[in-house]
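Below is one structure, written out as structure tokens, with a few remarks after it.
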Amino acid sequence: MVDTMLEAMVQRKSETESTAEQKKIKLDISDLTVSYGKEAAISDVNFKIYENEIFGIIGPANAGKTSFLKALNLMNTFDANMKVEGKILFNGRDIHQLKNVYALRSRIGVVFPLPVGLPMTVYENVALSPRLRGIKDKASLDEIVQRCLQRSALWDEVKDRLDSLGSLLSGGQQQRLTIARALSQEPELLILDEFSIAVDPVTTMRIEEVLKELKNEMTIILVTNLVQQARRLADRTAFFLEGECIETGDTEALFNGQVENSKTTDYIEGRFG
Amino acid sequence: MTTTQTREAMNEQFDRRTLDWYIDKLVEIIVFISGISAIIFVVGIFVFVTMEGMGFLFDSFSFSEFFGSEYWEPSDEDAPEYGILALIAGTASVTGLAMLIAIPFSLGTAIYIAEFSTGKTREYLKVLVELLAAIPSVVWGFIGLTIMNPLIIEIFDVPVGLTVLNAGIILGLMAAPIMTSIAEDALKAVPDRYREAAEALGATRWQVIYKTVLPAAKNGLLGAILLGVGRGFGETMAVLMATGHAVNIPGSVFDSVRALTATIAAELGETAVGSEHYQVLFTIGIFLFLITFVINLTADLIVRGIKNQ
């Protein structure tokens, strides 16, 4: 009798919780551990990322931020040395059980910290992903290329030389090209790994404005070394330290000192890292 | 006062050359000589070959006969004829067939080693490929003579097995390991971030290779192919043993031919030093030297091209 009542209560509670959340869960990460050989890069990471939010990840070097991103994109198939344990649910599907990893990757756009202009023309760099999806029509490709380059704030600088090699652009331009390429995937999830390293402050601000708009169309994970960038952009933020996720929380709350662990405040205020 | 003295004493060192100084100079000279010896040898060989062939080249050399005639009859006492057209056809047909076999074979192996294999498999494969490259050409010739020959006769029901087909296969297998090694280096030189970037877009492994890795390694791969061609032109012993050594413009892969290199190897020992025949063989040598020089130079320039990109 008591049991059934308890059960009912628990059920009601979880119902109210789910209605309170409202937001759909994009990524559900539980007990995620990534290791290289015997060394764990991150261990026991648990949190959820909701749709149409910008989720910031901050933390000093070696905190495991990049390893976390690599696990999301199943980049471990590329690195035989990298081992991933735990569960990652993407749209509710366990990504380790997918039959076609390429389909997952094509829905996740990644911008690496160092710009990678593929050794092909600017146009081809951006048209590659649509072409992989099977779009052959020149007019549609033109349209996609222009739209993506405009959004990444690169169009004005390269519109007259779309046929020059992407790898010959300057570092900052290549970074924006990389962002354009990621956008050309029309991804559901956009991962930016310290995108502003190679970009000047003015362009960084322009891209940040674009990210705020993009939030309406996709979920964004923003890994950044610039704590203030996380504050400007992220709805929620996670703090990584030495392979552990110290805490996650509402960005403003974290920055206002509502933290579970004082280390978070110490890092945000620049006392270490 | 004392400080001035010590300073003068110290300054004396500026005029004294120590043992270390002489050793340094000596090593510099030795290394310099080793470095330029390669150039000296190449120039020296070219000068020597040209000098030996010069008599014929300036006296009775006829461009149209030398390159246009298919008659190679150097032993004819009354009217010897020195046409190397058939020999060129022999070398070209064997090299051509060898490349048809070696190019897909070596590129496939290189792609597998560089892009697909991992850990131990890759290490073993690399060692094996290098081992293959080290097999002496006479051994390959021996295989052509004793294994391929009866095999071809039996399978294709032809009277002779020492043919373009035989030599082409042997030469293709000989050239493939070196081409594989160089092609693999070219693929490995493509930065991993290109692969990662393409993979992140959702490209399959083959799409990554086809759309990104191969175009990026294009020059190195071309260089590998050209070096294979150079190897084909220069190879002597295996070709001598497997072609049948018959002066003939081949009509099919089942015809016997004779290669330029094999002709020199087989006949030079029987000619009188300084005779016309002797000089003609050296003229062929000049011709071969020029061809391989051009091929290697082109390959080198192409391979250099990647590094400057």
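The values are calculated or read from the model by the stated rules, or taken from the named source; none is laboratory data. Remember, predicted model here, so these are calculated numbers, not experimental data. Using ideal geometry, Cβ is built from the backbone for each residue, glycine included, and neighbour counts are taken over all protein chains shown. The accessibility values were calculated without ligands, DNA or RNA, using every heavy atom of the protein model including side chains. Shrake-Rupley method; radii C 1.70, N 1.55, O 1.52, S 1.80 Å.
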Legend entry - Distribution of pairwise C-alpha distances over chain B, 10 Å bins, in %: 6, 20, 24, 21, 14, 8, 5, 3, 1, 0, 0
Legend entry - Minimum 40 Å² accessible area buried by the other protein chains, the range A:114-129 residues, probe 1.4 Å, relative to alone: A:Val116, A:Leu118, A:Pro119, A:Leu128
Legend entry - Mean-position separation - Cα centroids, the range B:82-140 and the range A:187-217, in angstrom: 49
Legend entry - Estimated vicinal HN-Hα couplings, Hz - the range A:152-157 in sequence order (Karplus 6.51, -1.76, 1.60; Gly, Pro = x): 8, 6, 10, 3, 4, 7
Inset, instruction - Among A:Glu85, A:Glu53, A:Glu244, determine the one that fluctuates most according to a GNM of chain A built with springs between C-alpha atoms less than 10 Å apart. - result: A:Glu85
Legend entry - Surface per residue (accessible, 1.4 Å probe) for the range A:115-181, Å²: 41
Legend entry - Residue order for B:Ile39, A:Ile29, B:Ile264 - accessible surface, 1.4 angstrom probe, largest first: B:Ile39, B:Ile264, A:Ile29
Inset, instruction - Report the normalised scattering of the range B:81-259 as log10 I(q)/I(0) at q = 0.10, 0.19 Å⁻¹, calculated by the Debye formula with identical scatterers on the alpha carbons. - result: -0.46, -1.11
Legend entry - Radius ratio Rg over Rh of the range A:115-181, counting only Cα atoms, Kirkwood formula for Rh: 0.93
Inset, instruction - Working from the alpha-carbon coordinates of chain A, get Rg over Rh, Rh being the Kirkwood radius. - result: 1.01
Legend entry - Contact order relative to length of chain B, as percent, for alpha carbon pairs under 8 angstrom and 6 or more apart: 24
Inset, instruction - Note down the accessible area of B:Val253, probe 1.4 Å, to the nearest 10 Å². - result: 50
Legend entry - Equivalent-ellipsoid semi-axes of the range B:28-101, from the Cα gyration tensor, Å, largest first: 34, 22, 9
Legend entry - 0 to 90° range, to nearest 10: angle between helix B:276-308 axis and chain B longest Cα axis: 50
Inset, instruction - For the range B:81-259, give the percent of accessible area contributed by carbon and sulfur heavy atoms, probe 1.4 Å, rounded to a whole number. - result: 69
Inset, instruction - Sort the range A:221-266 into rounded, prolate or oblate with this rule: let a ≥ b ≥ c be the square roots of the eigenvalues of the Cα gyration tensor; rounded if a/c is under 1.5, and if a/c is not under 1.5, prolate when a/b is larger than b/c, oblate otherwise. - result: oblate
Inset, instruction - Could you run the Karplus curve 6.51 cos²θ - 1.76 cosθ + 1.60 with θ = phi - 60° over the range A:182-191 and give me ³J(HN,Hα) per residue in whole Hz, x for Gly and Pro? - result: 5, 5, 5, 6, 6, x, 8, 10, 10, 10
Legend entry - Heavy atoms of B:Glu52 accessible to a 1.4 Å probe, total area in Å² rounded to 10: 50
Legend entry - Paired Rg and Dmax values of the range A:149-273, which use every Cα atom, in angstrom: 16.4, 52
Legend entry - Hull-based mean projected area of the range B:1-61, where the convex hull spans the alpha carbons, in square nanometres: 6.6
Legend entry - Fraction of antiparallel bridges per DSSP, chain A only, in percent to nearest 5: 60
Legend entry - chain A: calculated mean residue ellipticity at 222 nm from DSSP helix runs of at least 4, using -39500 (n - 2.57): -11500 deg cm²/dmol
Legend entry - C-alpha long axis of helix A:122-132 to longest principal axis of chain A, angle in °: 50
Inset, instruction - Provide, for q = 0.07, 0.11, 0.12 Å⁻¹, the log10 of I(q)/I(0) from a solvent-free Debye sum over equal Cα point scatterers in the protein assembly as shown. - result: -0.67, -1.03, -1.13
Legend entry - GNM result for chain A, Cα springs below 10 Å: residue of A:Gln185, A:Gln258, A:Gln229 fluctuating most strongly: A:Gln258
Legend entry - Label-to-label distance, nm, for residues given as B:Met54 and B:Lys126 (7 Å Cα→Cβ offset): 4.8
Inset, instruction - Rounded to the nearest 100 Å², what's the accessible area chains B and A bury against each other, both chains counted, probe 1.4 Å? - result: 1800
Legend entry - Carbon and sulfur %, accessible surface of the range A:108-205 computed with the full protein complex present, 1.4 Å: 55
Inset, instruction - Using a 1.4 Å probe on the heavy atoms of the protein chains only, list every residue of the range B:89-137 that has 10 Å² or more less accessible area in the complete assembly than in its chain alone. - result: B:Thr118
Inset, instruction - With everything on Cα atoms, drop me the angle between helix B:119-133 and the longest principal axis of chain B, reported from 0 to 90° to the nearest 10. - result: 60
Legend entry - Förster radius 30 Å - calculated FRET efficiency between A:Tyr36 and A:Glu269, Cβ distance, rounded to 0.05: 0.45
